[in-house]
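The values are calculated or read from the model by the stated rules, or taken from the named source; none is laboratory data. Worth saying up front: this structure is predicted, and the values here are computed from it rather than measured. As a convention, Cβ positions derive from the backbone with ideal geometry for all residues, glycine included, and neighbour counts pool all protein chains shown.
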Amino acid sequence: MKRWLPSPMMSCVLLLFWLLLNESIEPAQVLLGAIFAIAMPLLTQRLQPLGYPRLSKPFTLLRLLGMALVEIVRSCFNVSWLILSPRPGKLNSQFIKVPLDIRDPYGLALLSCLINSTPGTVWVEILPDSHELALHVFDLHDEQWWIDTIKTRYEKPLIEVFE
């Protein structure tokens, strides 16, 4: 079964999106979508050297994504206010280091996406000698708050989901 359908969940999602994009459940669209949904995971299987990720707690992932969406919107307003309100010399742009416990490559990739999607923060790199995240913050007031936020709001749920 795994040989012909390496990721059944991904195939179901692809078929669902195909049908949603075509706004039709006609038999021809279902057949074409099914062919697409079976072929794409097979064709991209070699691009996944570690295989597809295993999500141990999908509801934790959904809660994390919802919380991240709220944080992104809130940060949009904060960064917009900082840019539009003239405060010369008041911005404190800094680089900080956040020690990371997560090692899963999929978890790290999602953490990177969440951090880079949040206005005012940029994932710079993971320092290879210490496995710390170098993070740039647009207006830094409390370094420890950022470290605690990333470790508790983002990293801890990602560890639960991917490890």
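Output the qualifying pairs, or none if there are none: Cβ atoms under 8 angstrom, residues six or more apart or on different chains, first residue in the stretch 51-65 and under 13 Å from ILE159 (Cα atoms), second residue modelled with pLDDT under 90 and of a type in the set (Ser, Thr, Tyr).
Partner pairs satisfying both residue conditions: PRO53/TYR106.
Among the numbered conditions (1) surrounded by fewer than 15 Cβ atoms within 10 Å (Cβ to Cβ); (2) out of contact with any helix residue (DSSP H, G or I) (no Cβ under 8 Å at 6 or more places or on another chain), tell me where SER117 comes up short.
For SER117, the exception is condition (2).
Do any helices (runs of 4 or more DSSP H) lying entirely in the stretch 4-89 carry at least 3 residues that are assigned by TED's automatic domain parsing to the domain that holds LEU111 and either at positive phi or touching a Gly at 6+ places or on another chain (Cβ under 9 Å) (or both), and which ones are they?
58-84
Name the residue that is farthest from PHE138 (Cα to Cα), counting only residues in the stretch 55-112 that are out of contact with any His (no Cβ under 9 Å at 6 or more places or on another chain) and of a type in the set (Asp, Glu).
Filtering first and then ranking leaves ASP104.
Can we say SER112 is at pLDDT 90 or above, in the same structural domain as LEU140 (by TED's automatic domain parsing), of a type in the set (Gly, Ala, Ser) and farther than 17 Å from LEU158 by Cα? Outline the logic, then answer.
Values: at pLDDT 90 or above: yes; in the same structural domain as LEU140 (by TED's automatic domain parsing): yes; of a type in the set (Gly, Ala, Ser): yes; farther than 17 Å from LEU158 by Cα: no.
So SER112 does not fit the description; no.
Is it the case that LYS97 is of a type in the set (Lys, Arg), surrounded by 14 or more Cβ atoms within 10 Å (Cβ to Cβ), outside any helix (DSSP H, G or I) and free of Cβ contacts under 8 Å to residues at least 40 places away in the same chain?
Working: of a type in the set (Lys, Arg): yes; surrounded by 14 or more Cβ atoms within 10 Å (Cβ to Cβ): yes; outside any helix (DSSP H, G or I): yes; free of Cβ contacts under 8 Å to residues at least 40 places away in the same chain: yes.
Answer is yes for this residue.
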